[in-house]
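Enquirer: Would you mind keeping the following structure in view while I ask a few things?
The values are calculated or read from the model by the stated rules, or taken from the named source; none is laboratory data. Since the model is a prediction, treat every value here as computed from it, not as a measurement. Reconstructed Cβ throughout: ideal geometry from the backbone, glycine too, with neighbour counts over all protein chains shown.
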């Protein structure tokens, strides 16, 4: 898989590496046939904390540049990064975008 990295200048790079992904969940069925499910999904293919800090530093500097000079090119670059390059494009079998962390709640009630 490909891991994404971003530096403080807003430059994106990728590197092929092993990525840790896992799903952990438990399900509990009560005597009244109510099912409780708790799941935790981790997708290691996203950016890590250092890359996120680099991105926000870049955005801060781009904003300062815009305020000082009126040049919005760096803000445009930050917007492109946040809307496309940093976001994963793969979908699950349910056509939902994969997230680093996902909390899901389902409730069902069946009438007899």
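Enquirer: Looking for something touching a strand residue (DSSP E or B) at 6+ places or on another chain (Cβ under 7 Å) and surrounded by 11 or more Cβ atoms within 10 Å (Cβ to Cβ) - is there at least one such residue anywhere in the stretch 59-67?
Expert: Going through the stretch 59-67, the residues touching a strand residue (DSSP E or B) at 6+ places or on another chain (Cβ under 7 Å) turn out to be none.
Within the stretch 59-67 (the criterion being touching a strand residue (DSSP E or B) at 6+ places or on another chain (Cβ under 7 Å) and surrounded by 11 or more Cβ atoms within 10 Å (Cβ to Cβ)), the answer is no, since none of the residues qualifies.
Enquirer: Take the residues of the stretch 7-25 that are assigned to a loop (DSSP other than H, G, I, E, B) and touching a residue at least 12 places away in the same chain (Cβ under 8 Å): which is surrounded by the most Cβ atoms within 10 Å (Cβ to Cβ)?
Expert: Taking the candidates together, the pick is 10.
Yes/no matrix, rows are residues, columns are (1) in a helix (DSSP H, G or I); (2) at pLDDT below 80; (3) surrounded by 11 or more Cβ atoms within 10 Å (Cβ to Cβ); (4) touching a strand residue (DSSP E or B) at 6+ places or on another chain (Cβ under 6 Å):
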position	(1), (2), (3), (4)
33	no, no, no, no
54	yes, no, yes, yes
80	yes, no, yes, no
110	no, yes, no, no
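Enquirer: While we're looking at this one, here's another question. So, residue 28, is that one assigned to a strand (DSSP E or B) and in contact (Cβ under 8 Å) with a residue 60 or more places away in the chain or not?
Expert: No; evaluated as a whole, the condition is false for this residue.
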